[in-house]
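Notes for the one structure printed next.
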Amino acid sequence: MSHHGRFCWYDLMTNDPAGSRAFYGALLGWRAEAPEGVPTGYEVLHAGDHPIGGLVPLDPSEDMPTHWIPYLAVDDLEDSCVEVEAAGGGVCIAPMDVGPGRMAIVNDPQGGTFTLWQTKVPPHAEAPAGTPGTFCWHECLSSDAAGGAVFYARLFGWDVDEMDMETDGFTAHYHVFLKDGAHHSGIMDLPPEALEQGAPTHWLGYVAVADVDDAAARAASLGAAVLCPCTDIPDTGRFCVIQDPQGGVLSLFQAPAADGKDAS
């Protein structure tokens, strides 16, 4: 089975690596390790024994805010960069060799940034779905979700379902992406108030937790801001959105209990 179009990694570009390491270690139990053969300062994040992402120190002179960026696997990096541009996106950082693979940083036509990754080694085994501390969903909040859906479907060969999703009285039209018949990510329009405030198109990662209310409270006690309070998504689960003390934004997600009852 091709890994093309699979979300395979997340990097936290941080202006305070020590602070980020401490926060996520306390909140999610993540462990950071410096691997061999990669740029100095890079650390790999593990949820238990599963590598799930990395910490990347930002250059203080560039005055860039802390942020997350997802990686998507591709079969041919150069061909994918050509396809990004043909579909209306842009290549921000051209293909280059990095440790066990090759990467390029690109954006979609609306400006959403992500990394393309072509591995040189066999991909690591994925953790079982829903493993606490691992990424379980990927969501693009876009200035043009319909246009973005066309772009991503073309680039990665994803199928697209459309649905209206109601959350806490707010209804959003949602485009759900499927790979090999399974839902794995989605795209929706930025809320009008976010657009008015100048929020850019961006990807938001969801991390599985056993109890989202407990995790949100713990995040706040560690200095994070809870941007979206714990909210039920009917027939799906419960989530919140936090901003870590360094400024990175992440969603925490609790799946329904297997018996259909609330896990709490």
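The values are calculated or read from the model by the stated rules, or taken from the named source; none is laboratory data. From a predicted model like this one, the values you see are computed outputs, not experimental measurements. When we count neighbours, we look across all protein chains shown, and the Cβ atoms used for this are built from the backbone with ideal geometry, even at glycine.
Is it true that GLY133 is in contact (Cβ under 8 Å) with a residue 40 or more places away in the chain and under 15 Å from the mean Cα position of the chain (by Cα)? Quick ask: steps written out before the conclusion?
On the way: in contact (Cβ under 8 Å) with a residue 40 or more places away in the chain: yes; under 15 Å from the mean Cα position of the chain (by Cα): yes.
It is true that GLY133 is in contact (Cβ under 8 Å) with a residue 40 or more places away in the chain and under 15 Å from the mean Cα position of the chain (by Cα).
Under 9 Å between Cβ atoms, which residue pairs at least 6 apart in sequence (or on different chains) link something in region 84-105 that is basic (Lys, Arg) with a partner that is not in a helix (DSSP H, G or I)?
ARG102/PRO95; ARG102/MET96; ARG102/LEU116; ARG102/TRP117; ARG102/GLN118; ARG102/THR119; ARG102/LYS120
Can you pull out every residue in region 176-223 that is buried (at least 19 other Cβ atoms within 10 Å of the Cβ) and either assigned to a loop (DSSP other than H, G, I, E, B) or assigned by TED's automatic domain parsing to the domain that holds PRO70 (or both)?
Those that are buried (at least 19 other Cβ atoms within 10 Å of the Cβ) and either assigned to a loop (DSSP other than H, G, I, E, B) or assigned by TED's automatic domain parsing to the domain that holds PRO70 (or both): LEU190, THR201, VAL209.
Would you mind telling me which numbered condition in (1) more than 27 Å from ALA149 (Cα to Cα); (2) under 17 Å from the mean Cα position of the chain (by Cα) VAL207 fails?
Exception for VAL207: condition (1).
Taking GLY5 as the residue in question, decide whether it is assigned to a loop (DSSP other than H, G, I, E, B) and touching a helix residue (DSSP H, G or I) at 6+ places or on another chain (Cβ under 6 Å). Please lay out each step first, then the result.
Details: assigned to a loop (DSSP other than H, G, I, E, B): yes; touching a helix residue (DSSP H, G or I) at 6+ places or on another chain (Cβ under 6 Å): yes.
Against the criterion (assigned to a loop (DSSP other than H, G, I, E, B) and touching a helix residue (DSSP H, G or I) at 6+ places or on another chain (Cβ under 6 Å)), GLY5 qualifies.
When you go through (1) touching a residue at least 24 places away in the same chain (Cβ under 8 Å); (2) exposed (fewer than 15 other Cβ atoms within 10 Å of the Cβ); (3) part of a strand (DSSP E or B) one by one for PRO65, which number turns out not to apply?
So PRO65 meets the others, but not (3).
If you go through region 155-202, how many residues are free of Cβ contacts under 8 Å to residues at least 24 places away in the same chain and at positive phi?
Residues flagged as free of Cβ contacts under 8 Å to residues at least 24 places away in the same chain and at positive phi within region 155-202 amount to 3.
Residue by residue through region 26-60, note down the ones that are surrounded by 14 or more Cβ atoms within 10 Å (Cβ to Cβ) and without any contact (Cβ under 8 Å) to a residue 60 or more places away in the chain.
ARG31, ALA32, TYR42, GLU43, VAL44, LEU45, HIS46, GLY54, LEU55, VAL56, PRO57, LEU58
How about region 224-254: which of its residues are closer than 14 Å to TRP68 by Cβ and either part of a strand (DSSP E or B) or modelled with pLDDT under 95 (or both)?
Selection gives LEU227, VAL241, ILE242, GLN243, VAL249, LEU250, SER251, LEU252.
List the pairs whose first member sits in region 1-21 and is crowded, with 18+ Cβ neighbours inside 10 Å, whose second member is hydrophobic (A, V, I, L, M, F, W, C) and in a helix (DSSP H, G or I), and whose Cβ atoms are under 6 Å apart, counting only residues at least 6 apart or on separate chains?
GLY5/PHE156
Can you run down the residue pairs with Cβ atoms below 6 Å, 6 or more apart or on separate chains, where the first is in region 228-240 and assigned by TED's automatic domain parsing to the domain that holds ASP213 and the partner is exposed (fewer than 13 other Cβ atoms within 10 Å of the Cβ) and in a loop (DSSP other than H, G, I, E, B)?
Filtered contacts from region 228-240: THR231/ASP168.
Return yes when ASP108 is surrounded by fewer than 15 Cβ atoms within 10 Å (Cβ to Cβ) and within 21 Å of SER185 (Cα to Cα) and no when it is not.
Against the criterion (surrounded by fewer than 15 Cβ atoms within 10 Å (Cβ to Cβ) and within 21 Å of SER185 (Cα to Cα)), ASP108 does not qualify.
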